[in-house]
Structures are given as structure tokens and as C-alpha cells.
Amino acid sequence: ETPAASGSSDTPGGATKGDGGTDGGGTVVGPAADVPVGGGTIYEDPQVVVTQPMKGDFKAFSSICTHSGCPVAAVTETINCNCHGSMYSIEDGSVLGGPAPNPLPAMEVSVDGSDLVVA
């Protein structure tokens, strides 16, 4: 008889990072506060980049470049791959420059309390 219904108040946010133990089947990647407005943050487990084009509007994409499979390396106003210069939109993952043939695949992202959950 675990207190499953009482849930998140018993679990510190940092302790659930990357364990996939949320009720919705997603993975807590980190605090929403870590993702700057007009930019983004790259996570390694899972391999995802979370952006916040406008305050409170979070987007998530695979962090693997569609050109040759390199992990993206930086997020400024665009998501950037340093291997061959591909650039993607922080709003929808679309290709903005470089040799990438396809947009970054979108992933589901939600905010649970102060944490970002990616599915």
C-alpha cells in the first residue's frame, strides 16, 4: 500500500530525473526554470532538446541531427549542430540552414509542478 495518490509532494524533484517514474509514463528531465525564454536546453537522458520560444510555451525535439546523427550542441535563437552546421527552429524543429534533410522529430513535453516531463 504505497501512497501513489499523494504522489509528487513526497518525491523531491531532483530525485526523479531520468527515471521515467511519472504517472504519465514520461521522464522528468529537469526544472522548467532551466530553459531560457527564446532559447533552450539540451538533455542527454533522454536525448532531447527542450525550447521555450515564448514564456510558458515549451517544445521538445529529438536532440539528434537528421543529417548524420550527431547530437545537437547548442541552443541560441536556433538549435545548432556543430558537425556540419545544420540549424533548426526552436519553435517547430524545422530546418533553417545547413545540410539537414528533415526537421527534428517533435516529442511530447509537459510541466508537472516545476519539472519538465518528456514522453
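Here, each number is a calculation from the coordinates, and none is a lab measurement. Everything numeric here is computed off the predicted structure, so don't read it as measured data. Methodologically, a virtual Cβ is constructed for each residue, glycine included, from the backbone with ideal geometry; neighbour enumeration extends over all protein chains shown.
For this structure, a couple of remarks:
- Only Lys, Arg, Asp and Glu carry charge here, each on its Cβ (+1 for the first two, -1 for the last two); on that basis region 34-118 has a dipole of about 280 debye about its Cα centre.
- Put in line by how crowded their Cβ is, counting other Cβ atoms within 10 Å and starting with the fewest, 96, 104 read 96, 104.
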